[in-house]
Structure formats: structure tokens, C-alpha cells
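To start, the structure under review is shown below, and the notes come after it.
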Amino acid sequence: MDKIVPVILCGGSGTRLWPRSRKARPKPFLPLIGERTMFEATLGRCGDPGQFAPPVIVTGTAHLEHVEDQARGFPGATVIVEPEARNTAAAIALAAHRLPAAAVMLVCPSDHHIADVPAFRAAAAAAAKLAAQDWLVAFGITPTAPETGYGYIKRGAPLEGGHRVERFVEKPDLERAARFLADGGYSWNGGIFAFRAGFYLEELARHRPALADAAARAAAGGSEDSNRFHPDAAAFAEIEPESVDYAVMEETDRAAMVPASMGWSDIGSWAALREATDADHDGNSVRGRAELVDCRGVFVDSDGPRVSVIGLADVAIVVDGDEVLVTTMDGAQKVGKLEGALRQ
């Protein structure tokens, strides 16, 4: 089998991890876990030249400088520069048009954390085998809790290395999430997909013909500049934004999944970041200068001032320049609604 082509989707407004993440420098470009940024870690997971071809990165002009700066250590990387954001179905279509029809694409968000890289690569190999047989493959993340912030995948009939998808399920309430966990037949939808480039375009044209047509014209009318590709802006602007989940994965009769237990998190909140970082015996996690007394489950991230905390539990305290955030972990999902986050 030919090498898998990583397609890295790189964008976002950065509000959920405000104030550390900002619109000008959102989550993918920050070293939130370890010394590498989330984007660099994503490229590194797909950096084995025996398994992966050089990556194709899809981003917008706002993040182009960060992308090119951080991708320098990955030879052969190419960048598709979207004129404006049109969600994931269109972004993937642009990448598919730049590849041979037989190429197997591995679509990865640029800002997820995966602790077990060998498990990720094994799942990618299994997904690629199914994709080569014209399955549209989702990574089904083994759930570890009744999570209400993720969509779910119901496993269907077995396939070699995976399963058919019986159905995709929207984010559930806590009661349904607990039932899914107890059932054992549900996985989290981690937003990582594998498919043959030509077959993805065929299915997109079948289910979203107008979107597929505009994406094809944007790709055909685009221009190259060194390692950059610029789609035709007028054609691209005609696209109605839609996610790959809604436009293709939930419509096709060729949806499959591969199970993946790989220490995955989308780092979608300060609570999720706390869970993904090393903690002391009381569950406290600290980055920067801090002193904690009689605290449990407290997360501190300060880029300068010393933070002192006494007697608190399940709280996040983040200091970034002249902005300070204090939230309970339950309230962390609402950070993006703060005026400071919205007015960036």
C-alpha cells in the first residue's frame, strides 16, 4: 500500500482556552502539553516516513505565518491557504483535489492531544486498509467516561480491522452518555477520518453536489506559490459551510470505524487540559509559578505572576499578560462566552 497522506486541518478562533489561546494565536500553536505545540505534535505523530507521506496542511491566511514557522522541521509539507473559513467538508475537498484519486488521506485536526502515538499509528494503518477498499473511516475513540461534549459512533457489523458504522449520535445528555458507556458498543467521534481522495469526492458530489462543484472550481482555478496553493476565492465563497460529519459521514452508506484507545483528548476546555496533564497526588496541575495549600483538582497556568491558592477544589486559574481567568471546572465550558474572549 502507498504511504498515507496526512491532511492537517489548522484553524479556529481560540476562544475555549482564553486567555492563553487567542484569535491571533489559537490553541494549535501553543505548547499546552510538553514543549511542542499541539500542531507540532500532530505533525510529529504523522512524521514516520515509512508510513506517512509529507503532510498537506489546510489553513487560513490568519494562521499562515504560524503554520509555516512550525512546519519547517517537516520536509515536503504543502499548505492550502483557504480564502475564508468554509468548514471541514470543503477544506478536505480542496486537499482531495490536490492528490491522486487513489491516495489515502488521513484527516487530523491540528489541536488534539494523543498520548499513545504507537496506538494512533496502528489505528491509522487499519483505517488506511479499509479506506483503500472505499470505506469512509472514522476513528472511534474508546470512551473512558460518560462524556456529554462529544458525538458518538454506534458500532455495527465487523469488518477487517474495524466495523461498519451503525449510526452517528449527536452529543448526548448525561443520562444517555452513561447508557452508551455501559452498553460498550459506542465510541467517541474524535474527528479523525481516513478515505481515498477520489472516493471522498465522489461521495461529496453524491450528497452535496453544489458544495462539491464549488470546491472543484475553486481547486481548478487556484494558483501555486512555492509550497502554497491558493484556491480561487470567488468559487470558494459560493460554498455553504458544512462539516464533513453532516455533509458526508452521516449520509454515506460506506461509513466504517476503527477502534482507537490512544489517550485522546480534544483539549476543548481548561478542565480537559487538566485531565491531560501530569498532576500531583491531590490532582493539582501547575504550569508557571504557583503555591497551593489544601487544594484538590486545581489547575494553574501563569506566564509570569506567582499564583497562591488556598483551600479550593476543581478550579482553573489562568494568567496571560494582563488577563486573568478564574473559573470552576464546571464553568470552564462557558469561557468562550466571556466578553474578553469574544472581543479579540
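Assuming 0.36 nm per residue, please report the length gained on full extension of the stretch A85 to R25 beyond their Cα-Cα distance.
On the way: separation 60, 0.36 × 60 = 21.60 nm, distance 1.62 nm.
Stretched out fully, the A85 to R25 stretch lengthens by 20.0 nm.
Per residue, how big is the convex hull around the C-alpha atoms of the stretch 87-172? Give it to me in cubic angstrom, could you?
About 129 Å³ per residue, rounded to a whole number.
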The stretch 93-233 - Rg and Dmax from Cα coordinates, angstrom: 17.2, 52
Cα-based radius of gyration of the stretch 6-119 once divided by 2.2 N^0.38 Å, which approximates compact folds: 1.02
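Give the range of the longest stretch in the chain that excludes all trypsin sites (Lys or Arg not before Pro) found in loop regions by DSSP and having at most 13 other beta-carbon atoms within 10 Å. Write out the running numbers ahead of the final one.
Details: sites that count: R72, R306, R343.
Excluding the exposed sites themselves, the longest stretch runs over 73-305.
Per the Cauchy relation, a quarter of the hull surface: what is the mean projected area of the convex hull of the alpha carbons in the stretch 276-342, in nm²? The partial results should precede the final answer.
On the way: hull surface 18.4 nm².
Mean projected area of the Cα convex hull: 4.6 nm².
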Binned Cα-Cα distance frequencies in the stretch 196-296 - 10 Å width, integer %: 12, 25, 20, 20, 15, 8, 0
Distance (nanometres) between label positions extended 7 Å along Cα→Cβ at A279 and R206: 4.5 nm
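Any chance you could run the full-extension gain for D330 through A313? It's 0.36 nm times the residue separation minus the Cα-Cα distance, nm to one decimal.
Details: separation 17, 0.36 × 17 = 6.12 nm, distance 1.13 nm.
Additional length available on full extension: 5.0 nm.
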Of every Cα-Cα pair in the chain, the percent that sits beyond 39 Å: 14 percent
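Applying 1/(1 + (r/R0)^6) with R0 = 30 Å to the Cβ-Cβ distance of V117 and E68, what FRET efficiency is obtained, to the nearest 0.05? Intermediate results must be reported in sequence, preceding the final value.
Details: r = 24 Å, r/R0 = 0.80.
In this case the efficiency is close to 0.80.
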Gain in span if fully extended, E166 to S243, counting 0.36 nm per residue against the direct Cα distance: 25.8 nm
Footprinting exposure proxy for I141, I317 (fewest neighbouring C-beta atoms within 10 Å first): I317, I141
Lysine pair count for the chain [Cα-Cα under 30 Å; pairs on different chains or 8 or more apart]: 16
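What order do you get for E160, E203 when you list them from fewest to most C-beta neighbours inside 10 Å?
E160, E203
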Residues listed by number, the stretch 166-198, amide nitrogen under 20 Å from D2 label point at 7 Å toward C-beta: 193-198
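Bear in mind that the values in this text are calculations on the coordinates, not laboratory data. Everything quoted here is computed from the prediction, not taken from an experiment. We place every Cβ from the backbone using ideal geometry, glycine too, and count neighbours over all the protein chains shown.
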